[in-house]
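Colleague: Before I ask anything, let me first share the structure, which is written out below as structure tokens.
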Amino acid sequence: MDTDQIEYVIEVRRTMSMNKAAESLGVSQPTLSYQIKKLETELGFNIFSREGRGITLTPAGEQFCNSLFGIRLELRKTIEHCQNISGRFADNITVGLPERSVLRFLPEAIRLFSKEFPKVSVTPMFNPYGDFGQFLSGSIDIIFSERGALGKNAGIQEHHIYDSNIYLITRDDDPLTRLELIHERDLQGRALMVGGGSPPILRDVQKRVIAQSGVEYFNSNDHDTTLVNVASGKGVCLSPGFLMQEEQGFKWNRFDCPERFDCVLCTKANDTRDSVRRLVEIIADLYAKYDGPL
């Protein structure tokens, strides 16, 4: 399968017409039909079902087309990234993080790093929280994590960056915002949203609050869904400070508990590049000088 065939399939899927797709792509209808049929033979299944002059998606074709959209997007991103670094840089370091907030000083770190390593580019890559697949496969060089989250994977080095507290997120007009520090007793009669991919430390705190404070609770699929529920007044939630972003309508207040998140950057032990070591050092130094909320 080549890139032209990817574009052909996606355009036929969009228009559900060989004639319209051919016109849009600037190729003849016989050429388009031939390339689609050739790909189907290569794949071993039909993407489209021909019914008279019309076409429909086969079940396998629908699944295939859904995957192709993601493949095309990743391919375009890879090509554009390589175009950016081609001729300008001798090396590239990829940094994996779930949200910009977890490494708020990364832009400043990149600026300082570029002065020392002008021929090395730094590329942020956003991946789901707790997903280490790209790091373990080598697509990501440095990844944000909690200490121990990668288990006992051999050859992984953890570099402490900062400790993060736990916060209660409420609407900014909630009476709880008047408190500098939130205690478990303050949550009595409230609805606490839980789940949503919460880290183990946070899940332990949630369970303790539910058991000891008599709060109601309900599950939320992910952090963004939780924030929507908070904004709509359905409840409040506990969150690691490393997810804190300045968003209108919300207030983050420190929650009184002993648990902290030991936030680290993970690298591979066999990645001995001075540039990787130095970038981690610069990030750690910036956080060491910071005395704001984390």
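Colleague: Just checking, which of 149, 109, 154 is assigned to a helix (DSSP H, G or I), under 25 Å from residue 277 (Cβ atoms) and not charged (D, E, K, R)?
Modeller: Only one candidate passes the filter, namely 109.
Colleague: Taking interchain pairs and intrachain pairs at least six residues apart, which have beta carbon atoms under 7 angstrom, with the first residue in segment 280-294 and under 10 Å from residue 162 (Cα atoms) and not assigned by TED's automatic domain parsing to the domain that holds residue 103 and the second of a type in the set (S, T, N, Q) and crowded, with 17+ Cβ neighbours inside 10 Å?
Modeller: What qualifies is 294/164; 294/165.
Colleague: Still on this structure: In segment 157-179, which residues are in a strand (DSSP E or B) and either aliphatic (A, V, I, L, M) or over 23 Å from the mean Cα position of the chain (by Cα) (or both)?
Modeller: Selection gives 161, 166, 168, 169, 170, 171.
Colleague: Next up: Run down 276, 264, 228 and say which single residue is farther than 21 Å from residue 207 by Cα and free of Cβ contacts under 8 Å to residues at least 12 places away in the same chain.
Modeller: Residue meeting the stated conditions: 228.
Colleague: Let me ask another. Only one of (1) under 21 Å from residue 275 (Cβ atoms); (2) modelled with pLDDT of 85 or more; (3) surrounded by 13 or more Cβ atoms within 10 Å (Cβ to Cβ) is not met by residue 101, so which one is it?
Modeller: Checking residue 101 against (1) under 21 Å from residue 275 (Cβ atoms); (2) modelled with pLDDT of 85 or more; (3) surrounded by 13 or more Cβ atoms within 10 Å (Cβ to Cβ), the one that fails is (1).
Colleague: Filter segment 133-155 for residues that are in contact (Cβ under 8 Å) with a residue 60 or more places away in the chain and buried (at least 18 other Cβ atoms within 10 Å of the Cβ); which is nearest to residue 92 (Cα to Cα)?
Modeller: Checked segment 133-155; the qualifying residue nearest to residue 92 (Cα to Cα) is 141.
Colleague: Moving on to the next point. Restricted to segment 191-218, and to residues that are within 26 Å of the chain's Cα centre (by Cα) and of a type in the set (A, V, I, L, M, F, W, C), which residue is modelled with the lowest pLDDT?
Modeller: 218
This table checks each residue for (1) surrounded by 12 or more Cβ atoms within 10 Å (Cβ to Cβ); (2) at pLDDT below 90.
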position: 26; (1), (2): no, no
position: 35; (1), (2): yes, no
position: 47; (1), (2): yes, no
position: 51; (1), (2): no, yes
position: 67; (1), (2): no, yes
position: 76; (1), (2): no, yes
position: 84; (1), (2): yes, yes
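The values are calculated or read from the model by the stated rules, or taken from the named source; none is laboratory data. Fair warning: this is a prediction, and the values are worked out from it, not measured in the lab. Counting neighbours? That spans all protein chains shown, and the Cβs are built from the backbone with ideal geometry, glycine included.
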